Every structure is written in C-alpha cells, then in structure tokens.
Amino acid sequence: MSNFGLYEDRVRNFEWSVAEKELEYTDGNVLNIGWYCSDRICLKGKADKTALFYEGFGGIKKQYSFNDIRLAGNTIGNFLRNIGIKNEDRVCLFLDRIPELYFSFLGVLKIGAIVQPLFSAFGDESLFVRLENAQTKAIITQRKHLSKVRKVLERLPNLEFIVIVDHNKTKKLESRELPFSLQESKPVENFEIYPTRAESPSVLHYTSGTTGQPKGVKHVHYSIISQYLTAKWVLDLQEDDIYWCTADPGWVTGTSYGIIGPWSLGITQCVLDAGFSAQAWYKFIEDYRITMWYSAPTAIRSLMKAGEDIVSDFDLSSLRHLASVGEPLNSEAVIWSQKMFGKLFHDTFWQTETGSIMITNFPGMKVKPGSMGKSFPGITGVVLDAKKYEPITEPGQVGLIAFKPGWPAMMRSYWNNEEKYREKFINGWYLTGDRSSIDSEGYFWFVGRDDDVINTGGHLVSPFEVESALLEHPAVGESAVVAKPDEINMEVVKAFITLKPGFNPGPDLELEIMNFIRKKLSPIAMPQSIEYMEKLPKTRSGKIMRRLLHAKEWGEDIGDISTLEND
Ligand code: WT7
C-alpha cells in the first residue's frame with residue numbers, strides 16, 4: 001500500500017497554491033482554461049501525445065493529439081470571433097459527444113466567451129428556457145438537432161447564430177444558420193487568446209431545483225485550480241494513464257472531469273459516443289486498455305445486472321483505478337466491482353455548484369463501502385442541524401451537508417438570480433441541499449436530498465419543470481410529480497394527473513403523455529409511470545402535497561397531514 005497515509009499527509013498544511021505552482025500560475029496573471037488544456041501541454045513537449053481517442057456510432061474511430069486539439073480550438077475560436085462573438089457572450093454547445101464538442105469547448109473559452117453546454121437529448125422546451133435565461137448569442141449544433149432549435153428560434157431574439165458543424169450542402173439553410181466544417185477550415189496555427197483572468201466567467205451549466213426554472217451555475221477560469229488538483233489526487237491520473245470519463249459534457253462531470261481535469265494534466269482520454277451496453281463498455285475498456293475509469297452508480301448497477309459471465313469474455317486487466325459520482329453508490333456495487341475487476345469503485349460527492357470533487361474516497365484511504373469518504377484536503381465539510389444551522393459534532397447524527405466557501409471551483413453566482421444564490425448560504429456555510437451523517441472517523445454517509453428534486457440515474461430532474469410541461473398537454477388538468485423507486489436508476493419520474501373533462505384514462509393516453517414530455521423536455525425527465533387520479537391531495541391553501549404522494553411511492557409513513565384539505 002504505497003498510498004497509505006497519503007490522505008493525512010495531504011490534508012496537513014494543505015494550500016491551493018500547490019496547484020497554482022504546478023500550473024505555473026501567478027496571482028493576477030492571465031488564466032485561460034482553453035490555453036491550459038491544449039497550448040500549455042504542447043509547450044511542455046507533449047504536442048504529439050494523444051489527447052483524445054474517440055469512438056462513435058457504427059464503430060467510427062478517430063484520434064487527436066494535443067497539437068490537433070490546440071489547432072481545432074484555435075480554428076473554432078477564430079471562426080466565432082470572426083462572426084462577432086465577444087468575450088462573455090454565451091455560446092451554447094448543443095452537440096452529441098462528437099469531437100467538435102470537445103474542441104468547441106476549448107475554442108469558446110479561448111476567445112473569452114462563456115460556454116453553455118446543454119445535453120443534446122434535451123427537447124425544445126428544455127432548450128428554450130435555458131437559452132432564454134442565458135440570453136445566448138450563438139449555438140453550435142448538428143443537423144440532427146436543428147429541428148429543435150428551429151422550433152424555438154422565433155422566441156429567442158438574442159440568438160444571432162446557429163452554427164452547424166455537419167452541414168450538408170444540398171440542404172437549404174434558414175435564417176441565422178451558418179455552416180462550419182472543421183475538416184474544410186484552414187487550421188489556425190497562431191491565435192491570440194483572450195486574456196481572461198482568474199475571475200473571468202468560463203462555464204455556465206444549468207441545474208434543476210425544486211421550484212422555478214433551472215438555474216445557470218456560473219463558473220470562472222480559476223476553477224481549473226480545483227479541477228486540476230482533484231483530477232490528479234482523487235482520480236489519481238498519471239502520465240501514462242488512459243482515462244475514460246463516461247459522463248456527457250452536457251453535465252458538469254463531463255466538463256470538470258471529462259475535459260478540464262484530464263487535459264490540464266496532459267492525460268490521454270477516451271470518449272465513447274455509442275449508448276450503453278455492457279458488451280460495448282467492456283469492449284471499449286479492453287480495446288483502449290483503459291486504466292482509469294470515472295463512472296456513475298446507475299451504469300455500475302446496469303453492469304451488475306448484465307451478469308458476471310460476460311465480464312470474463314473481456315480482458316479488463318488494464319484497469320488500475322475506479323471512481324464514481326452522481327448518486328448514492330451502494331455497498332453492493334463497491335463489493336461487486338472488487339470481485340469483478342479486482343478494484344473498488346471510489347465514491348466521490350460534489351455538485352454542479354461546487355464545480356469539483358468535495359467528499360471522496362482518496363486513493364490509499366480505507367474504503368468503507370456505502371460511505372462517500374471524507375472531505376478533500378482544504379475543504380471544510382460538515383453537517384448542520386436543520387434548526388440552528390450549526391455543525392453537528394456528535395458522530396452518526398444526520399444533518400445538512402455544508403461547506404465553508406472559498407475553494408477555487410465554487411460557483412460565483414446563479415445567472416441573473418442573485419437571490420437564489422444567496423439562499424444557498426447560511427451562517428457562513430454553503431448549503432448543498434443534501435443530508436448525511438458523519439462517523440467518528442470523518443466519513444460521510446449519504447442519506448438523501450433535502451428537497452423534492454428527483455435524481456434519476458445521476459441526473460437531477462425538477463418536479464416543477466415536469467409538472468409545468470404536463471399542464472401543456474391538452475388532456476391534463478392538474479399534475480404532481482415525484483420520485484419512484486427503481487432498481488437500476490435508483491429513482492425514476494412518476495406523474496400523478498387528473499384529466500380534463502372529456503378525456504378518458506387509458507394506456508394509449510398514458511403513452512402519448514410520456515412521449516409528449518420526452519420530446520418537450522428529455523428522455524430523462526419522461527415519467528416512467530403515470531397514475532390517473534380523481535383529484536390530487538392538497539393542503540387547505542390549495543398546494544398539492546407532493547410529500548404525501550412521495551411517501552405512498554416509497555411505502556413510508558405519511559407523517560403529519562393535518563393541513564390536508566377536508567372533503
Ligand atoms: C447532486 C448534485 C457533480 C456530480 C454530478 C451531479 C447527488 C452527487 C453523489 C454521491 C450521493 C450524490 C447529490 C448532489 N450526488 N454525488 N456520491 N452520493 N449523492 O451533479 O447534477 O449538480 O447533482 O447529486 O444529491 O446534490 P448535479
């Protein structure tokens with residue numbers, strides 16, 4: 001155990017300046033993530049090292065060096081600058097996990113603009129609310145997603161450019177649409193990178209809450225300090241690693257640890273954009289000799305379900321270190337991975353807002369299966385009591401997970417929503433909205449969220465967003481949305497609805513409503529089950545009691561229902 005005691009060593013005398021030194025960053029100087037992830041790695045003599053192995057649908061394979069990604073970032077940045085995109089303008093990336101997504105991320109940052117990555121499976125309504133909120137100026141997308149953009153364009157006066165990376169010249173372009181082909185563009189060798197500083201905005205990720213529309217989490221270039229160091233220490237990335245982060249950059253894991261962390265370290269990473277199947281995943285690990293694998297509990301549970309026999313069909317001996325994020329990692333999954341791969345999955349806990357890993361099973365630390373581990377060095381993590389918001393000192397008591405603000409990757413605000421941002425802080429603590437206990441050795445044991453947000457397969461879904469979308473269906477009178485337990489995804493979306501007069505309940509209508517939500521919002525937000533009700537349980541003031549419906553789904557005690565409306 002060469003790593004034994006490493007965690008304690010690193011906690012002692014910890015300072016973020018460790019990362020600043022390694023990145024050769026001095027306070028007040030220019031700091032640009034796009035440059036750090038490509039140009040700097042080339043300057044360090046790794047221009048020819050592979051930055052990206054990409055595999056897409058139909059077995060398409062591509063490989064890019066750090067010099068290739070540097071040039072691609074320059075070329076895209078140059079194109080955007082030429083059409084008039086300026087620093088701090090929002091540029092949305094609405095792309096599948098194709099190479100252009102990764103290169104555009106660098107290109108947008110290189111011109112000092114703000115990247116707004118959105119999951120390409122989002123439907124038109126999900127897309128619209130986020131583009132409207134950010135007043136996005138340009139969107140980079142593919143032909144296959146164009147119809148969704150065209151549908152909402154009229155309502156988005158600020159959206160000046162729709163850049164299509166795979167334009168087919170036989171097809172007609174409509175207003176505001178511009179073709180861009182990386183292959184056909186002359187690579188831009190010398191490019192003037194916009195001199196962003198530590199506090200210049202970088203990435204804007206949207207995340208769902210219980211009430212209201214999704215919030216834009218604003219990050220700054222200085223976040224790289226946290227992402228670099230956590231990728232190095234927690235993901236344990238080393239020079240010869242072949243790294244695979246299975247997350248989509250539409251979500252924060254896919255940017256913090258699917259782009260910035262590994263590339264700022266000059267690590268080779270792999271991207272598989274071909275959906276999930278146990279065979280395909282194991283084959284990918286075998287083919288690329290993946291050494292470090294960062295994934296999510298739902299994927300691990302799906303692999304468990306696929307069975308043990310199939311594991312032995314592949315050579316997975318390259319795996320050296322495994323980590324997981326996004327939802328509770330049950331102890332069965334940890335034990336299973338040890339048995340199957342001879343390696344434990346190391347749980348990590350963090351959020352879109354925190355920007356980097358906060359609680360973790362550090363390499364070399366004793367892993368307690370089912371626990372999320374301890375606070376990352378330099379992070380003060382506590383649980384607060386829900387009344388006074390003071391740290392609970394007694395081990396094993398459940399409280400609200402909170403952190404002392406001040407780490408580099410912490411969000412700087414919610415976009416145009418200072419009020420919601422301020423609500424996240426109390427008594428000098430940042431509140432995560434999660435509940436946990438801490439044992440006598442400082443290990444966190446996750447209990448659940450402290451709100452109604454649904455975590456399905458590691459993705460947060462706002463019940464409010466789904467309820468609002470349901471009301472737009474002509475048959476739906478009222479709606480209430482809660483989480484329903486699920487073996488693989490932990491939670492799935494369940495909707496309770498009442499129908500408007502003249503509509504008949506039945507499986508056809510159920511299917512139609514499910515599809516309606518899938519198209520409008522996303523496959524993730526689509527209710528997996530819909531229950532027709534005569535009326536929904538409400539408080540006397542007319543508020544729908546989600547809590548009651550939730551308890552019913554989870555077979556829990558209903559609790560105090562004294563405010564329930566009397567019939
Ligand atoms: C929420 C944040 C940044 C990671 C991707 C999700 C839940 C996250 C864990 C974990 C139990 C977890 C929390 C958190 N969560 N990691 N290891 N164990 N729950 O980012 O979409 O902002 O979601 O995911 O509820 O608040 P996100």
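The values are calculated or read from the model by the stated rules, or taken from the named source; none is laboratory data. What you are looking at is a predicted structure, and each value in this text was computed from that prediction instead of being measured. Note that we place each Cβ from the backbone using ideal geometry, even for glycine, and neighbour counts take in every protein chain shown. Calculation scope for accessible area: heavy atoms of the full protein, side chains included, ligands and nucleic acids excluded. Shrake-Rupley method; radii C 1.70, N 1.55, O 1.52, S 1.80 Å.
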On a 1.4 Å probe surface of the protein chains, which of Trp263, Trp251, Trp429, Trp554 comes out largest in accessible area, and what is the full order? Trp554, Trp251, Trp429, Trp263
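Quick one: dipole size for the chain, taken about the Cα centre, charges +1 on Lys/Arg Cβ and -1 on Asp/Glu Cβ, in debye to the nearest 20.
Roughly 1180 debye for the chain.
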From the phi of every residue in the stretch 127-138, what ³J(HN,Hα) in whole Hz does the Karplus formula 6.51 cos²θ - 1.76 cosθ + 1.60 yield, where θ is phi - 60° and glycine or proline is x? 5, 4, 4, 6, 6, 5, 4, 8, 6, 5, 8, 9
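Kindly work out what percent of the DSSP beta bridges joining two residues of the stretch 7-436 are antiparallel, to the nearest 5.
Percentage antiparallel, nearest 5: 45.
Determine the shape class of the stretch 99-157: with a ≥ b ≥ c the square roots of the Cα gyration tensor eigenvalues, call it rounded for a/c under 1.5, and otherwise prolate if a/b is greater than b/c, oblate otherwise.
The shape class here is oblate.
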For the stretch 216-296, rounded, prolate or oblate, judged on the Cα gyration tensor with a ≥ b ≥ c (square roots of eigenvalues), a/c < 1.5 rounded, else prolate if a/b > b/c? oblate
Extreme residue, positive dipole direction of the chain, given options Thr268, Tyr389, Phe191 (C-beta unit charges): Phe191
Estimated inter-spin distance, Glu132 and Asp450, nm [label 7 Å along Cα→Cβ]: 3.1
Net charge of neighbours whose Cβ lies under 9 Å from the Cβ of Tyr54, counting Lys and Arg as +1 and Asp and Glu as -1: +1
Everything considered on the Cα gyration tensor (a ≥ b ≥ c; rounded for a/c under 1.5, else prolate if a/b is larger than b/c, else oblate), the stretch 169-248 must be described as oblate
In whole percent, the Cα-Cα distances of the stretch 454-554 spread across 10 Å bins from 0 upward as 16, 52, 30, 3
Rounded to a whole %, the carbon-and-sulfur portion of the accessible area of the stretch 7-436 at a 1.4 Å probe is 48
Derived scalar couplings ³J(HN,Hα) [the stretch 107-116; Karplus, 6.51 cos²θ - 1.76 cosθ + 1.60; whole Hz; x for Gly, Pro]: x, 4, 5, 5, 9, x, 7, 9, 7, 10
At q = 0.10, 0.13, 0.16 Å⁻¹, work out log10 I(q)/I(0) for the stretch 319-467 with the Debye formula, treating every Cα as an identical point scatterer and leaving solvent out; two decimals please. -0.37, -0.62, -0.92
Straight-line reach only, C-alpha to C-alpha below 30 angstrom: list the lysines that Lys387 could link to, leaving out same-chain residues fewer than 8 apart. Lys215, Lys218, Lys368, Lys374, Lys404, Lys420, Lys424, Lys484, Lys538, Lys543, Lys552
Between Leu6 and Val398, what is the spin-label point distance in nm, taking each point 7 Å from the Cα along the Cα→C-beta axis? 3.4
Using the C-alpha atoms of the stretch 315-373, what convex hull volume per residue, in cubic angstrom, is computed? 87
List the residues whose amide H sits under 5 Å from the amide H of Tyr206, counting only those 5 or more places along or on another chain, with H placed 1.01 Å from N in the peptide plane. Val217
So which aspartates and glutamates pass the test for Lys169, namely a Cα distance under 15 Å, with those fewer than 8 places away in the same chain ruled out? Glu177, Glu184
Distance in Å, no decimals, from the C-alpha centre of the stretch 129-165 to the one of the stretch 241-317 is 30
To the nearest 10 square angstrom, how much accessible area does Ile454 have with a 1.4 angstrom probe? 0
Amide H of Ser65: which non-local residues (sequence gap of 5 or more, or other chain) have their own amide H closer than 5 Å, using H built in the peptide plane? Ala51
Overall Cα dimensions of the stretch 424-466 - principal axes, largest extent first, Å: 40, 26, 12
Only helical DSSP H runs with n ≥ 4 go in: add -39500 (n - 2.57) per run for the chain, normalise by residue count and round the 222 nm mean residue ellipticity to 500 deg cm²/dmol. -7500 deg cm²/dmol
What the 10 Å binned alpha carbon P(r) of the chain shows, as percent of pairs per bin from 0, is 3, 17, 28, 28, 17, 6, 1, 0
